[in-house]
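The values are calculated or read from the model by the stated rules, or taken from the named source; none is laboratory data. Here the structure is a predicted model, which is why all the values come from computation and not from measurement. Neighbour counts are summed over all protein chains in view; Cβ atoms, including those assigned to glycine, are modelled from backbone coordinates with ideal geometry. Accessible surface is based on the protein model in full, side chains and every heavy atom, while ligands, DNA and RNA are left aside. Shrake-Rupley method; radii C 1.70, N 1.55, O 1.52, S 1.80 Å.
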Amino acid sequence: MAKLFKILSIDGGGIRGIIPGMVMADIERRTGKPISQLFDLIAGTSTGGVLTLGVTCPDEKDITKPRYTAEDGVRLYEEQGSRIFSRSPWKRVTSLNGITDERYPTASVQAVLQETFGETRLRQALNDVMITSYEIERRSPWFFRSSRARLDPKTYDFPMWKVARSTSAAPTYFEPNKIDVDQTTDYYSLVDGGVFANNPSMCAYVDAMSQESRPSDVLVVSLGTGVLTRRLPYDEACGWGAAQWVIPIISVLMDGNSETVDYQMRTVLGANAGGKKRYFRFQTRLNEGMDDMDDASRTNIRVLKLLGEQLVSESAEQLDQVCKLLSKD
């Protein structure tokens, strides 16, 4: 019997990373194992990239174990969300809420990521990870792969906090991240991977299928950060120009990508020839609270946690199926 190749994919969505974080925490509780021991490849975009690095970051005292649980990831949003998405009244005015400058200063988010990951490097991830970003000078998608970082540490290995900063550099929210290549004059100028792959499950699937030892049986578990439900009224939008579209178009692109990739994955991997389900998508609708990526208010965090709890409860049967598959050798 062919060994099952197991992929976890985590969408982008800012503070809404609380939702997939809670699904991951439930999977850890059900299996009694950390996420890093359950999957062969973990892919993440933006907030999903931060969660991916968090659950695969090795402990400082025992490098065979993860430093953080999925529940720790949820706690990071609760405790540090307001610090990441914080700005002075002057910054709010001078940036015109993200139209003429980024909404938030870099210092706060960078400090949180440095404190979280320290000097741990990409090559040290406990299992294979793939983190998306976009290189704006080369105008091309960029993938941080721990497998490549191990093979080419001099030119491709970077501190995890820099990888996390790059994948979450959402346009209009944070400035692009510049990463220098050691011992060269070269550098990469990177923004949020959500501009092309907010749902990275198809990227991860293709990456797995392009390996020399191509797996014949693949499981993909895809975690969303909530479907947007807030309307963009026609009567308003038909009169918008660039200034009015600059903020909503980002959410349109990211949400549209997530749902399109979900459809593609359902078509490609909904069931294999034997009728076995190999694709699971855990997603909820954002009918309550704010769907903004940067609403880190206590009230909204509470609502997002409740939505995560509801998703776990309503998906109990699917989670049972997933955990049984993950527990197989």
Notebook entry, point to check: Which one of L304, P58, V109 has its Cα pushed farthest toward the positive end of the charge dipole of the chain, where Lys and Arg give +1 and Asp and Glu give -1 at the Cβ?
Noted result: P58
Next item on the list: Among N199, F39, L286, pick out the residue whose Cα is farthest towards the positive end of the charge dipole of the chain, where Lys and Arg carry +1 and Asp and Glu carry -1 on C-beta, about the Cα centre.
Entry: F39
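Can you compute the FRET efficiency between R302 and T106 using 1/(1 + (r/R0)^6), with r the Cβ-Cβ distance and R0 = 41 Å? Round to the nearest 0.05. Don't skip to the answer; put the middle values down first.
Working: r = 28 Å, r/R0 = 0.68.
In this case the efficiency is close to 0.90.
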Checklist line | Backbone HN-Hα couplings from phi across region 66-81 [Karplus 6.51/-1.76/1.60, Hz, Gly and Pro as x] | finding: x, 6, 10, 8, 4, 5, 5, x, 4, 5, 4, 5, 5, 8, 10, x
Notebook entry, point to check: Tell me, how many Å apart are the Cα centres for region 254-329 and for region 8-24?
Noted result: 9 Å
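How long is the gain from V252 to T184 if the chain were fully straight, where each residue apart is worth 0.36 nm and the alpha carbon distance is subtracted?
Details: separation 68, 0.36 × 68 = 24.48 nm, distance 3.81 nm.
Residue separation times 0.36 nm, minus the Cα-Cα distance, leaves 20.7 nm.
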Notebook entry, point to check: Which cross-chain or sequence-distant (5 or more) residues have an amide H under 5 Å from the amide H of Y68, H modelled 1.01 Å from N in plane?
Noted result: C57
Notebook entry, point to check: Given H placed on each backbone N at 1.01 Å, which residues far from A43 in sequence or on other chains put an amide H within less than 5 Å of it?
Noted result: L8, S9, I10, M130
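Would you calculate, for the chain, the mean residue ellipticity at 222 nm contributed by helices, counting each DSSP H stretch of 4 or more residues as -39,500 (n - 2.57) and dividing by all residues, to the nearest 500? Before the final figure, lay out the partial values.
On the way: 15 runs with 146 residues, N = 329.
Calculated at 222 nm, the ellipticity per residue is -13000 deg cm²/dmol.
What trypsin sites (Lys or Arg not before Pro) does region 43-82 have in DSSP loop regions with at most 12 other beta carbons within 10 Å?
K61
If region 227-329 were replaced by its equivalent ellipsoid, with semi-axes equal to the square roots of 5 times the Cα gyration tensor eigenvalues, what would those be, largest first, whole Å? Walk me through the numbers on the way to the answer.
On the way: eigenvalues 217, 81, 20 Å².
Equivalent ellipsoid semi-axes, largest first: 33, 20, 10 Å.
Counting only protein heavy atoms and a 1.4 Å probe, tell me what percentage of the chain's accessible area is made up of carbon and sulfur.
51 percent
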Notebook entry, point to check: What is the spin-label model distance, in nm, from K65 to R214 if the labels are put 7 Å beyond Cα along the C-beta direction?
Noted result: 4.0 nm
Checklist line | GNM result for the chain, Cα springs below 10 Å: residue of S146, S201, S168 fluctuating most strongly | finding: S146
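If you restrict to DSSP beta bridges whose two residues both lie in the chain, what percentage is antiparallel, to the nearest 5? Please report the intermediate quantities before stating the final value.
Values: 16 of 36 bridges.
If I count the DSSP bridges inside the chain, around 45 percent turn out antiparallel.
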Note to self: Given a 10 angstrom Cα cut-off, can you work out which residue in I35, I131, I250 is the most mobile in a GNM of the chain?
What the structure shows: I250
Next item on the list: Scan region 210-266 for chymotrypsin sites (Phe, Trp or Tyr not before Pro) in coil per DSSP, keeping those whose Cβ has at most 15 other Cβ atoms within 10 Å, and list them by number.
Entry: W240
